[in-house]
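Have a look at the structure below, then the notes.
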Amino acid sequence: MASLRIGTLRIDLVTEIRHRMMPLGFLFNDLTRAEAERNFDWLGPEFIDRESLDVGMAFQAFVIRAHGRTILVDTCNGNHKQRPTAPWQHDLRAHDFMRSLAGLGLAPGDIDMVLCTHLHCDHVGWNTRLVDGRWVPTFPNARYVMNRAEYDHYAARFATEESTAVNHGAFEDSVLPVVNAGLADFVDADHRVLHEIEEEVFLRPSPGHSFGHCCIYARAGQAEAIVTGDLVHHPIQFDLPDLHMRADLDPDLAVQSRRRVMEYCAGSGAFLLAGHIPFWSMAQVEAKGSAFRLAI
Ligand SMILES: [Zn+2]
C-alpha cells in the first residue's frame, strides 16, 4: 500500500530507496537463526535471506495532506551528503525522492511543514540540498518542526565533538542550515501541529532509538495512522518486539516505546506507517500472544 485515506486526510508514501538488502548486523546483533527461521513462512527472501540472514529494508518518507496543509514526515538520506563512515548513504546522486514527490503533484515549494521523527542522518537528508557548494533548505516555504529535546541533545554533542561524529555529519549539513535560515520550530514532544474539528496531526514521544524520538499521529474522526520513524525497522520485530536494534541509544527504552505503539495500534486499528519496511509500509497490527503480527 502506497496511499492511505483516513476520513478527509490523505497519506502517501515517498520513496527514496524502495528495497535494499543490508547485512543482518546493520539492524540486529542478537537475532538467532532459530528466531529467523520461524519467520521464514511469512517473510520472503526479499525480507530475510535464507543463508546469510541479510535483511531487506527501504528508505521512505510520508506526505500527510490534511485541511489544506501538506506535511512531509522525515526526509530520508539526501543527495551529495558526505558520509564516509556510512558508505551505503555516501554521496548519493539519485532522483527517486524528488521524482516520488513530483509524482504526487508536489513541488518543493508546496511543502508547508517538514516534521522529523528524529534527527538521524537517514531521516533529515533531504532537509537540505547542495547549491553552489552550500547547503540550502530544500523546502523554502516549509517550517521544519523538531522536538526540542532531540535538537538540544545533538546541539550539545555538536559543541564538543567532531562534526562527522554527530549523526555522520548530518547535524551540520542537514539540520543546522534550516535552523540558520530561520525555518526551524522547536516544539515539545507532545506538540500538536494541526488541530481542526475532524483532523489532528501531533507528535507523541517514543524515546529509546534516539534521545527525543517521536512518532507522528494523524487522526481524522475515529481513524488514525502513526508514522513511526525508527521505532520499527523490519517486520520481524512484530514477532520479536523485544529484539534490540543495533543503533538504539537506549535499547530497553526503545523496546518499551515499540511495544506501547504496537499495542495501541492492535487495540485501536490505527495504521502503523514504517518507512524502513518495504512493500508493507502502511499496515494494521494484530496482537499475537505476547507479540504482534502485521495484518497483511
Ligand atoms: Zn532510520
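What's the total number of residues in segment 243-267 that are crowded, with 18+ Cβ neighbours inside 10 Å and among the basic types (K, R)?
Qualifying residue count, segment 243-267: 1.
It is to be established whether one or more residues within segment 162-171 are under 19 Å from V63 (Cα atoms), in a helix (DSSP H, G or I) and not β-branched (V, I, T).
Within segment 162-171, not a single residue is under 19 Å from V63 (Cα atoms), in a helix (DSSP H, G or I) and not β-branched (V, I, T).
Sort through R129, R143 and tell me the only one that's in contact with a strand residue (DSSP E or B) (Cβ under 6 Å, 6 or more places away or on another chain) and among the basic types (K, R).
From the options R129, R143, the qualifying one is R143.
Scan the strands (runs of 3 or more DSSP E) fully inside segment 1-118 and keep the ones with 3 or more residues being of a type in the set (D, E, K, R) and within 18 Å of the chain's Cα centre (by Cα).
9-22
Away from the ligand (no atom under 15 Å from the Cβ), part of a helix (DSSP H, G or I), modelled with pLDDT of 95 or more and surrounded by 20 or more Cβ atoms within 10 Å (Cβ to Cβ), is that true of Y144?
no
Quick one: would you say G221 is at positive phi and modelled with pLDDT under 95?
Here the answer is yes, as G221 does meet what is asked.
For the subset of segment 180-215 comprising residues that are of a type in the set (F, W, Y) and closer than 15 Å to M113 by Cβ, which member is surrounded by the fewest Cβ atoms within 10 Å (Cβ to Cβ)?
Looking at the filtered set, the residue picked out is F186.
Scan segment 72-130 for residues that are under 23 Å from A247 (Cβ atoms), charged (D, E, K, R) and at pLDDT 95 or above and jot them down.
D74, K81, D91, D122
What are the residue pairs meeting all of these: first residue in segment 146-160, first residue farther than 20 Å from I71 by Cα, second residue modelled with pLDDT under 95 and assigned to a helix (DSSP H, G or I), Cβ atoms under 7 Å, and 6 or more apart or on different chains?
Matching pairs, first to second residue: Y154/N167.
Mind listing whichever residues of segment 58-76 are buried (at least 24 other Cβ atoms within 10 Å of the Cβ) and away from the ligand (no atom under 16 Å from the Cβ)?
I64, I71, listed by residue number.
Kindly establish whether L43 is modelled with pLDDT of 95 or more and within 16 Å of the ligand (Cβ to nearest atom).
No, not satisfied.
The values are calculated or read from the model by the stated rules, or taken from the named source; none is laboratory data. Here the structure is a predicted model, which is why all the values come from computation and not from measurement. Virtual Cβ from ideal backbone geometry, glycine too; neighbours counted across all protein chains shown.
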